[in-house]
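The structure under discussion appears below in the form of structure tokens.
The values are calculated or read from the model by the stated rules, or taken from the named source; none is laboratory data. Every value quoted in this text rests on a predicted model; they were computed, and no experiment measured them. Here the Cβ positions follow ideal geometry from the backbone for every residue, glycine too, while neighbour counts run over all protein chains shown.
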Amino acid sequence: MIIVLTPQATERDIEELTENIRARGFGAHVSRGVERTVIGCIGVMDAEKAALSEQFRALPYVEQVIIISKPYKLVGRPFRPEGTVINVRGVEIGGNQLTVMAGPCTIESEEQLMETARFVKQMGAHILRGGAYKPSTSPYSFQGMGEEGLKLLAAAREETGLPIITEVMDTRDVELVAQYTDIFQVGTRNMTNFALLKEIGNTNTPVLLKRGWASLIEEWMLAAEYIASRGNYNIILCERGIRTFETYTRNTFDINAIPVAKEISHLPVIADPSHGTGKASLVPAVAAAAIAAGADGIIVEVHPQPERALKDGPQSLRFEAFAQMMERLRVLAQAVGRGI
Ligand code: PEP
Ligand code: MN
């Protein structure tokens, strides 16, 4: 259940109530909004809910108690109706400004990464992406540069000022990757790697959680709940396409997932039209559709020479294509009342 406090509630009240909740053996999660603080009381059995909510309602500093029937509580909209804005080194994700994350699928060399980082920065991207640990369907394809790649990403951040995002696949790498990255990426293949989600939940590092390629939206929300239930609320949802009967495109970008995720959750939602389509020529159109549908930004793959890319070349934008797309998105952002 979710306990909404009155605007007059003090820090002492918050402390008293969280202690009260924990003493009963439940989890207490505090969300401080601009006007009101909300406390999530997690782990109450259905049969106990009515009586317990009556008790909490009687407290003078409690305005309302909402019983949540959905299996996800902390990432659901009622926990933070005003929406979550995540600040990453001064870049806000989930606010009025759209966020553009861009860079190569995979870090291949210093030149490739630096050239791309400088270009996307110049064109107005806000965050640099690049994979150092790559999830590959085939064990024989390139697995990424590992820590060397992380060092290159950090150097690119140093030069351009762009915060960085990179994928982590293994619980054993979380600590190391956290030393470099500003945002963890959990890839589609790991959305249900619960050990990884818990490990990331124990950190404070923001995380972009991709939807599993065969996952229901509810399963995606529950994966986010795994992270939040450990205390890390800095979660960004990412729709990256799902597998359907259609094979013309690499995946089917589920445009519905964007307004659904915005409606049922308070978390920022980012679209990945690169993996969503698998074809560079389709990326700008699907990026635009996602922004029009209410996404808080996009994550796209950009490569100086896509024909030479070690991974995901066919879906990587050339520099000119990225520049053109940014121009288009600028006009669109204005039309939907947002900045970019
Ligand atoms: C990627 O971002 O390069 C990637 C591997 O994405 P996904 O997990 O969506 O396939
Ligand atoms: Mn990729």
**OP:** Examine the range 76-88 for a residue that is of a type in the set (Val, Ile, Thr) and either crowded, with 22+ Cβ neighbours inside 10 Å or free of Cβ contacts under 8 Å to residues at least 12 places away in the same chain (or both), and state whether such a residue exists.
**Re:** no
Original post:
Since ILE258 meets every condition but one in (1) away from ligand 1 (no atom under 12 Å from the Cβ); (2) out of contact with any Gly (no Cβ under 7 Å at 6 or more places or on another chain), which condition does it not meet?
Top reply: (2)
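Is it true that ILE107 is in contact with a Leu (Cβ under 6 Å, 6 or more places away or on another chain) and aliphatic (A, V, I, L, M)? Spell out how you get there, then give the answer.
Numbers: in contact with a Leu (Cβ under 6 Å, 6 or more places away or on another chain): yes; aliphatic (A, V, I, L, M): yes.
Here the answer is yes, as ILE107 does meet what is asked.
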Subject >> Single match in ARG12, ARG57, ARG36 (criterion: touching a residue at least 12 places away in the same chain (Cβ under 8 Å) and either closer than 23 Å to SER265 by Cα or not assigned by TED's automatic domain parsing to the domain that holds GLU218 (or both)) >> reply: ARG36
Original post:
Restricting the search to the range 60-75, which residues are part of a loop (DSSP other than H, G, I, E, B) and in contact (Cβ under 8 Å) with a residue 60 or more places away in the chain?
Top reply: ILE67, ILE68, LYS70, PRO71, TYR72, LYS73, LEU74, VAL75
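Per-residue answers, yes or no, for (1) more than 30 Å from ARG157 (Cα to Cα); (2) in contact with a strand residue (DSSP E or B) (Cβ under 6 Å, 6 or more places away or on another chain):
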residue	(1), (2)
ILE3	yes, yes
ARG12	yes, no
GLY27	yes, yes
GLY40	yes, yes
ALA58	yes, no
LYS73	yes, yes
PHE79	yes, yes
GLU82	yes, no
GLN112	no, no
**OP:** Sort through PHE26, PHE56 and tell me the only one that's aromatic (Phe, Trp, Tyr), farther than 19 Å from PRO71 by Cβ and touching a Cys at 6+ places or on another chain (Cβ under 9 Å).
**Re:** PHE56
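Of the residues that make up the range 89-112, is at least one part of a helix (DSSP H, G or I) and more than 16 Å from ligand 2 (Cβ to nearest atom)? Reasoning before the result, please.
The initial filter retains those residues of the range 89-112 that are part of a helix (DSSP H, G or I), namely 110-112.
If we keep only those that are more than 16 Å from ligand 2 (Cβ to nearest atom) too, we end up with 110-111.
Scanning the range 89-112, I find at least one residue that is part of a helix (DSSP H, G or I) and more than 16 Å from ligand 2 (Cβ to nearest atom), so the answer is yes.
Does any residue of the range 114-122 turn out to be charged (D, E, K, R), modelled with pLDDT of 95 or more and under 20 Å from the mean Cα position of the chain (by Cα)? Spell out how you get there, then give the answer.
Going through the range 114-122, the residues charged (D, E, K, R) turn out to be 115, 118, 121.
Of the ones still in play, those that are also modelled with pLDDT of 95 or more are 115, 118, 121.
Now restrict to residues that are under 20 Å from the mean Cα position of the chain (by Cα): none.
No, the conditions are met nowhere in the range 114-122.
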**OP:** Can you work out which of the residues in the range 126-150 that are modelled with pLDDT of 95 or more and more than 23 Å from the chain's Cα centre (by Cα) is surrounded by the fewest Cβ atoms within 10 Å (Cβ to Cβ)?
**Re:** GLU148
**OP:** Pick out the one residue from THR84, THR116 that is within 16 Å of ligand 1 (Cβ to nearest atom) and not in a strand (DSSP E or B).
**Re:** THR116
Original post:
Here are some conditions: (1) among the aromatic types (Phe, Trp, Tyr); (2) away from ligand 1 (no atom under 16 Å from the Cβ); (3) free of Cβ contacts under 8 Å to residues at least 60 places away in the same chain. TYR133 meets all but one. Which one does it not meet?
Top reply: (2)
**OP:** Report, by residue number, each residue of the range 213-231 that is out of contact with any Phe, Trp or Tyr (no Cβ under 7 Å at 6 or more places or on another chain) and over 21 Å from VAL177 (Cα atoms).
**Re:** TRP213, ALA214, SER215, LEU216, ILE217, GLU218, GLU219, TRP220, SER229
Subject >> When residues of the range 295-327 are limited to those that are closer than 19 Å to ILE127 by Cβ and assigned to a loop (DSSP other than H, G, I, E, B), the one nearest to ligand 1 (Cβ to nearest atom) >> reply: ASP312
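Check whether at least one residue in the range 100-112 is within 24 Å of the chain's Cα centre (by Cα) and away from ligand 1 (no atom under 16 Å from the Cβ), and report yes or no. Working first, answer last.
Within the range 100-112, the subset within 24 Å of the chain's Cα centre (by Cα) is 100-107.
When the remaining residues are screened for being away from ligand 1 (no atom under 16 Å from the Cβ), the result is none.
Looking for residues that are within 24 Å of the chain's Cα centre (by Cα) and away from ligand 1 (no atom under 16 Å from the Cβ), one finds none in the range 100-112, hence no.
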